[in-house]
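Worksheet for the structure shown next.
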Amino acid sequence: RHHNLRISYIAQHSRHHLDANLDQTPLEYISTRFFQGADKEVFYSPNLKLTDDELALMEIKGNPQAIVGRAVKGKTLMYELKRNGRRDKDNTWEPVNFLQNMQPYVMKLVKRYDEHLKAQESGAAIRPLTRAEIRAHLADFQLDAKLSETKIRGLSGGQKSRLVLAAAMWTKPHILALDEPTNYLDQEALGALARSITSFAGGVIMVSHNREFVKELASEAWLVKGAQVRCNLRNDAGEVDLEMADVDDQEGVEQEKVKSKHPSRRPHESKKKQKDSKDDRSHEVDSLMQLRTCTGVLAGPKTQSDVKIIEFSMSVGGSQLIEDTKIELLQGHRYGLVGLNGCGKSNFLFTISKREVPVPQHLDIYHLSEEAEPTEQTGLEAVVEHAKSEVAKLMEVQEKILTTDGPEDERLEKIQQRLEELDPNTLEVRAGELLHGLGFNKTMMNKQTKDMSGGWRMRVSLAQALFAAPSLLLLDEPTNHLDLEACVWLEEYLKEYTKCLVLISHSQDFLNGVCTNIIHITQKQLTYYSGDYDTFRNVFRENQEIQGKKYIKEQEDIKHIKEFIASCGTYANMMKQAKSKQKILDKMEAQGLTKPVTNERSFKFSFPLCDKLPPPVLPFADVKFSYSGKDCDLIYKCVNLGVDCDSRVALVGPNGAGKSTLLKLMVGQLEPTEGTVGRHPHLNLARFHQHSTEVLDERLTVLDYFQDSYPNAKSVDEWRGFLGKYGFSGNMQTMKIEQLSEGQKSRLVFAVICMGRPNMLLLDEPTNHLDIDAIDALAEAINGYKGGVVLVSHDFRMIEQVARDIWICDKGSVTTWKGSIRDYKKSLAKKLGF
């Protein structure tokens with residue numbers, strides 16, 4: 001709470017405050033309660049009243065006796081402290097955090113002084129109130145001269161409610177908190193209250209059963225449910241929508257019914273059965289919204305093309321992720337959003353896309369967060385229809401602006417430009433070009449989305465985003481379902497994006513190729529850097545070095561000054577110098593001291609030692625494979641290869657060529673149609689794939705999951721030490737798995753893999769959802785591993801770090817690439833015409 005904040009709270013039973021004053025008139029009640037400007041009900045509340053023991057402490061010579069001044073020096077709130085037995089000129093200015101560490105009664109003195117200042121700043125002078133002032137104030141609340149002289153016991157329920165409201169407004173609060181304020185009010189009084197709240201310049205938060213009253217006055221609606229607060233219930237038009245609360249309550253009832261019917265169903269079992277359902281994904285998004293709370297203030301006019309929001313904070317599940325910072329997203333800039341897993345990157349994008357902060361309504365937003373809906377539409381039709389729906393939305397916004405603000409509004413020109421970009425005559429041709437760039441051939445373009453895998457539907461969703469080319473494009477790991485060729489195409493396409501792009505990616509290559517700016521989420525702040533990812537890393541490292549040197553020098557200076565002050569003792573001839581040095585210290589603290597460099601903890605781990613097996617370990621001999629068993633459908637034809645414990649192989653090639661199928665053949669999940677796949681009798685394989693996190697029981701905490709999965713394997717302290725290697729320390733170990741980010745869940749899967757002590761790793765897109773530091777840690781762990789590794793990844797840098805051999809899976813065969821992965825990327829770019 002701000003130290004100057006004046007807040008008036010009117011509870012449902014606030015009229016009971018009047019019970020001790022029933023024989024007073026409203027004139028007498030206000031005069032008595034606010035005799036010296038301050039509200040006596042607050043000033044003499046138990047938490048501010050000094051006890052006899054505290055009064056005795058104040059009488060001891062040298063102890064704090066009173067607070068007589070307050071000022072902000074630099075960025076520090078300071079109070080002037082008077083001590084018992086000392087003259088006024090010996091008063092000292094102390095920071096509030098220093099006073100908090102003194103005897104408890106000192107903070108009571110601070111709060112009492114704050115209350116006096118609030119009374120002065122509200123305009124309530126420190127003097128008796130005149131009857132004319134009170135009458136004029138009561139008249140504003142429909143308590144006329146006659147009623148102001150009537151004893152309170154003779155007032156009706158509605159008149160008493162108006163008197164409580166009049167008392168609350170006397171101190172001119174910044175915030176008014178109303179709990180069922182319409183109780184006992186007649187229609188005339190209700191209208192007066194509504195007009196009073198509408199004209200009130202401060203903030204208002206209310207609880208009310210009167211739906212029409214809330215809809216008329218509220219600019220935001222918050223739903224309190226299940227120990228969470230969900231902010232900003234709004235419909236697609238950005239208006240307050242109380243119906244959403246009713247729907248949410250009904251959904252909650254239905255969910256409880258399902259739980260009661262299936263009490264033993266495990267979360268990961270239902271996720272496996274329904275992982276391709278859009279309804280499930282939407283429910284996950286709704287759950288995130290219920291857990292997430294955000295605040296922010298629009299900076300600048302509502303007609304601006306940029307997004308500028310100040311005082312932005314965001315918490316998820318009660319954990320504060322971002323606090324009191326600014327959002328600044330400018331047209332023509334392409335931002336890379338980076339930070340450790342769990343810092344709030346994905347939630348930040350949801351906050352923008354769901355308009356949980358005041359994003360200008362005329363700006364169209366597309367957030368790539370889920371695959372296209374499985375319908376009977378083809379991929380091409382889905383992209384074209386989405387573009388047509390965007391045109392309809394823009395025309396609706398255009399009509400609304402024309403009606404409310406007139407044809408001179410500057411936003412209309414930008415909307416007209418967008419409509420011209422989405423020319424209906426060229427929709428189908430341009431949509432086909434986009435889908436082709438993302439790896440669709442004509443057959444796939446004309447395939448119904450209900451017959452596509454989740455990965456291909458995600459590509460359709462990406463095509464919809466790129467084709468719409470919105471003012472604000474939000475992409476969360478757009479390369480996760482793409483092959484290397486499509487990644488190269490997307491990188492080249494996005495580097496020409498002329499509007500505003502915010503991108504989350506774990507690929508340093510991709511960030512370097514696309515981004516003009518980097519937003520770093522660190523220490524609960526958004527920090528902005530110009531340039532690509534490599535530039536950001538260099539500048540960040542240099543800033544940390546400068547900050548570290550400055551901190552060390554500052555602390556040395558403080559140490560020397562304190563030693564000098566201590567050496568002066570009580571010698572009269574040295575006191576002047578000591579006071580001078582103390583002023584230097586006070587000035588340094590007031591201006592703000594340099595903070596020490598804090599290295600955010602990512603995870604560092606190593607795969608366990610394993611037995612090295614002699615070759616052949618995993619040989620393929622004349623392997624053919626097709627899912628149907630027919631020769632006409634063969635994915636592989638006469639494949640001969642071998643993987644040993646010294647192997648470091650990266651599998652590359654277009655989507656659908658069979659990279660994941662090859663891994664399934666290696667692990668034994670699939671059997672070859674012809675030929676053999678041999679496995680050493682002591683081979684212990686571990687496989688990471690894109691759905692590995694679904695095996696985790698999300699109802700359990702991180703610590704409980706490992707204790708239940710491996711009973712008697714380790715003590716609690718040993719488990720805590722083990723989990724700490726994977727970045728799970730402190731409270732994170734007792735968090736439920738469902739509260740973790742996708743990257744944190746992936747790290748848990750690696751912990752599970754390490755418990756099995758494998759001697760060969762099959763990794764299918766292991767970098768999905770990991771942050772960049774975690775990917776580097778994974779690469780380091782792979783390089784230190786003594787077993788064999790087969791890797792499928794679209795991350796060029798990851799392949800460059802760990803792979804010694806590159807195998808191309810394409811056209812039914814597996815061939816070796818002779819050059820480096822950088823050479824392979826160049827060949828893809830040349831093939832695409834870049």
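The values are calculated or read from the model by the stated rules, or taken from the named source; none is laboratory data. Keep in mind it's a predicted model, so treat the numbers as computed, not measured. Counting neighbours? That spans all protein chains shown, and the Cβs are built from the backbone with ideal geometry, glycine included. Accessible surface is based on the protein model in full, side chains and every heavy atom, while ligands, DNA and RNA are left aside. Shrake-Rupley method; radii C 1.70, N 1.55, O 1.52, S 1.80 Å.
If I ask for residues that are over 19 Å from Leu163 (Cα atoms) and either in contact with a strand residue (DSSP E or B) (Cβ under 6 Å, 6 or more places away or on another chain) or at pLDDT below 65 (or both), which ones from the range 37-55 would you list?
Pass one, the range 37-55, residues over 19 Å from Leu163 (Cα atoms): 43-55.
Phe43, Tyr44, Ser45, Pro46, Asn47 - these are the residues of the range 37-55 that are over 19 Å from Leu163 (Cα atoms) and either in contact with a strand residue (DSSP E or B) (Cβ under 6 Å, 6 or more places away or on another chain) or at pLDDT below 65 (or both).
Going by the structure shown, is Ile753 aliphatic (A, V, I, L, M), farther than 24 Å from Leu482 by Cβ and open to solvent by less than 10 Å² (accessible area, probe 1.4 Å)?
On the way: aliphatic (A, V, I, L, M): yes; farther than 24 Å from Leu482 by Cβ: yes; open to solvent by less than 10 Å² (accessible area, probe 1.4 Å): no.
Taking the combined requirement at face value, the residue does not satisfy it.
Are any of the residues in the range 567-582 among the hydrophobic types (A, V, I, L, M, F, W, C) and within 44 Å of the chain's Cα centre (by Cα)?
Of the range 567-582, the ones among the hydrophobic types (A, V, I, L, M, F, W, C) are 568, 572, 574-575, 578.
When the remaining residues are screened for being within 44 Å of the chain's Cα centre (by Cα), the result is none.
Among the residues of the range 567-582, not one is among the hydrophobic types (A, V, I, L, M, F, W, C) and within 44 Å of the chain's Cα centre (by Cα), which makes the answer no.
Among the residues of the range 586-602, are any within 30 Å of Asp483 (Cα to Cα) and under 45 Å from the mean Cα position of the chain (by Cα)? First the steps, then the outcome.
As a first pass, look at the range 586-602 and keep what is within 30 Å of Asp483 (Cα to Cα): 602.
Of the ones still in play, those that are also under 45 Å from the mean Cα position of the chain (by Cα) are 602.
Yes: one or more hits.
If a residue must be over 17 Å from Ala657 (Cα atoms), open to solvent by 20 Å² or more (accessible area, probe 1.4 Å) and hydrophobic (A, V, I, L, M, F, W, C), how many such residues does the range 443-472 contain?
Residues flagged as over 17 Å from Ala657 (Cα atoms), open to solvent by 20 Å² or more (accessible area, probe 1.4 Å) and hydrophobic (A, V, I, L, M, F, W, C) within the range 443-472 amount to 3.
For the range 514-533, state whether one or more residues are over 23 Å from the mean Cα position of the chain (by Cα) and more than 28 Å from Ala468 (Cα to Cα).
no
Evaluate the following for Leu394: is it hydrophobic (A, V, I, L, M, F, W, C) and farther than 21 Å from Asn480 by Cα? Give the steps one after another, and end with the answer.
On the way: hydrophobic (A, V, I, L, M, F, W, C): yes; farther than 21 Å from Asn480 by Cα: yes.
When the stated conditions are applied, Leu394 passes them.
Say whether the condition of being in a loop (DSSP other than H, G, I, E, B), touching a residue at least 12 places away in the same chain (Cβ under 8 Å) and under 16 Å from Leu466 (Cβ atoms) is met by at least one residue in the range 393-411.
So far as the range 393-411 goes, no, none of its residues is in a loop (DSSP other than H, G, I, E, B), touching a residue at least 12 places away in the same chain (Cβ under 8 Å) and under 16 Å from Leu466 (Cβ atoms).
Report, ordered by the first and then the second residue, all pairs with beta carbons closer than 8 Å, sequence separation of six or more or different chains, a first member in the range 816-834 that is of a type in the set (Gly, Ala, Ser), and a second member that is open to solvent by 70 Å² or more (accessible area, probe 1.4 Å).
Ser820/Glu800
Give the residue that is modelled with the lowest pLDDT, with candidates limited to residues of the range 632-675 that are of a type in the set (Ser, Thr, Tyr) and open to solvent by 40 Å² or more (accessible area, probe 1.4 Å). Don't jump to the end; show me each part of the working.
Restricting attention to the range 632-675, the residues satisfying the condition of being of a type in the set (Ser, Thr, Tyr) are 636, 647, 660-661, 673.
Within this subset, residues satisfying the condition of being open to solvent by 40 Å² or more (accessible area, probe 1.4 Å) are 660, 673.
Working: Ser660: 87, Thr673: 92.
The extreme case among them is Ser660.
Hey, can you tell me all the residues within the range 71-91 that are touching an Asp or Glu at 6+ places or on another chain (Cβ under 9 Å) and in contact (Cβ under 8 Å) with a residue 60 or more places away in the chain? Steps first, answer last, please.
Step one: of the range 71-91, the residues touching an Asp or Glu at 6+ places or on another chain (Cβ under 9 Å) are 71, 73-74, 76, 78-84, 91.
Answer for the range 71-91, where residues must be touching an Asp or Glu at 6+ places or on another chain (Cβ under 9 Å) and in contact (Cβ under 8 Å) with a residue 60 or more places away in the chain: Lys73, Gly74, Thr76, Met78.
Within the group Asp771, Asp776, Asp805, which residue is acidic (Asp, Glu), open to solvent by less than 70 Å² (accessible area, probe 1.4 Å) and in contact with a Gly (Cβ under 7 Å, 6 or more places away or on another chain)? I'd like the intermediate steps shown before the answer.
Values: Asp776 fails: in contact with a Gly (Cβ under 7 Å, 6 or more places away or on another chain); Asp805 fails: in contact with a Gly (Cβ under 7 Å, 6 or more places away or on another chain).
Within the list Asp771, Asp776, Asp805, the selection yields Asp771.
Quick one: which of Ile197, Ile175, Ile205 is at pLDDT 70 or above, closer than 29 Å to Val357 by Cα and open to solvent by 70 Å² or more (accessible area, probe 1.4 Å)?
Working: Ile197 fails: open to solvent by 70 Å² or more (accessible area, probe 1.4 Å); Ile175 fails: open to solvent by 70 Å² or more (accessible area, probe 1.4 Å).
Answer to the check: Ile205.
Among the numbered criteria (1) of a type outside the set (Asp, Glu); (2) at pLDDT below 75; (3) open to solvent by less than 30 Å² (accessible area, probe 1.4 Å), which one does Ile126 miss?
With respect to (1) of a type outside the set (Asp, Glu); (2) at pLDDT below 75; (3) open to solvent by less than 30 Å² (accessible area, probe 1.4 Å), Ile126 is out only on (3).
If Gln331 satisfies every condition in (1) farther than 22 Å from Glu420 by Cα; (2) at pLDDT 90 or above but one, which is the exception?
(1)
Take the residues of the range 399-424 that are farther than 15 Å from Gln304 by Cα and under 32 Å from the mean Cα position of the chain (by Cα): which is least open to solvent (accessible area, probe 1.4 Å)?
Looking only at the range 399-424, we keep the residues that are farther than 15 Å from Gln304 by Cα, and these are 399-400, 402-404, 406-407, 416-424.
Next, only the ones that are under 32 Å from the mean Cα position of the chain (by Cα) stay: 400, 418.
Working: Lys400: 107, Arg418: 15 Å².
Selected residue: Arg418.
For the range 305-317, enumerate the residues that are in contact with a Lys or Arg (Cβ under 9 Å, 6 or more places away or on another chain) and either modelled with pLDDT of 95 or more or open to solvent by less than 40 Å² (accessible area, probe 1.4 Å) (or both).
Let us first name the residues in the range 305-317 that are in contact with a Lys or Arg (Cβ under 9 Å, 6 or more places away or on another chain), namely 305, 308-317.
Of everything in the range 305-317, those that are in contact with a Lys or Arg (Cβ under 9 Å, 6 or more places away or on another chain) and either modelled with pLDDT of 95 or more or open to solvent by less than 40 Å² (accessible area, probe 1.4 Å) (or both) turn out to be Ser305, Ile309, Phe312, Ser313, Met314, Ser315, Val316, Gly317.
Out of (1) closer than 24 Å to Leu828 by Cα; (2) hydrophobic (A, V, I, L, M, F, W, C); (3) open to solvent by 30 Å² or more (accessible area, probe 1.4 Å), the odd one out for Leu434 is which?
Checking Leu434 against (1) closer than 24 Å to Leu828 by Cα; (2) hydrophobic (A, V, I, L, M, F, W, C); (3) open to solvent by 30 Å² or more (accessible area, probe 1.4 Å), the one that fails is (3).
Given (1) open to solvent by less than 10 Å² (accessible area, probe 1.4 Å); (2) modelled with pLDDT under 85; (3) outside any loop (DSSP other than H, G, I, E, B), where does Leu475 come up short, assuming only one miss?
(2)
Checking Asp611 against (1) surrounded by 13 or more Cβ atoms within 10 Å (Cβ to Cβ); (2) touching a residue at least 12 places away in the same chain (Cβ under 8 Å), only one condition comes out false. Which one?
Here Asp611 clears every test but (1).
Checking Thr816 against (1) surrounded by 14 or more Cβ atoms within 10 Å (Cβ to Cβ); (2) more than 19 Å from Leu438 (Cβ to Cβ); (3) among the hydroxyl-bearing types (Ser, Thr, Tyr), which single condition isn't satisfied?
If we test Thr816 against (1) surrounded by 14 or more Cβ atoms within 10 Å (Cβ to Cβ); (2) more than 19 Å from Leu438 (Cβ to Cβ); (3) among the hydroxyl-bearing types (Ser, Thr, Tyr), just (1) comes out false.
Does Lys583 qualify as being under 27 Å from Phe312 (Cβ atoms), open to solvent by 80 Å² or more (accessible area, probe 1.4 Å) and not polar (S, T, N, Q)? Please lay out each step first, then the result.
Working: under 27 Å from Phe312 (Cβ atoms): no; open to solvent by 80 Å² or more (accessible area, probe 1.4 Å): yes; not polar (S, T, N, Q): yes.
Taking the combined requirement at face value, the residue does not satisfy it.
Go through the range 318-344 residue by residue and tally those that are open to solvent by 20 Å² or more (accessible area, probe 1.4 Å) and either closer than 26 Å to Gly300 by Cα or in a strand (DSSP E or B) (or both).
Count: 12.
Condition (residue is surrounded by 21 or more Cβ atoms within 10 Å (Cβ to Cβ) and within 22 Å of Lys664 (Cα to Cα)) applied to the range 733-742: is it met by at least one residue? First the steps, then the outcome.
The first filter runs over the range 733-742 and keeps only residues surrounded by 21 or more Cβ atoms within 10 Å (Cβ to Cβ), leaving 740.
If we keep only those that are within 22 Å of Lys664 (Cα to Cα) too, we end up with none.
No, every residue in the range 733-742 fails to be surrounded by 21 or more Cβ atoms within 10 Å (Cβ to Cβ) and within 22 Å of Lys664 (Cα to Cα).
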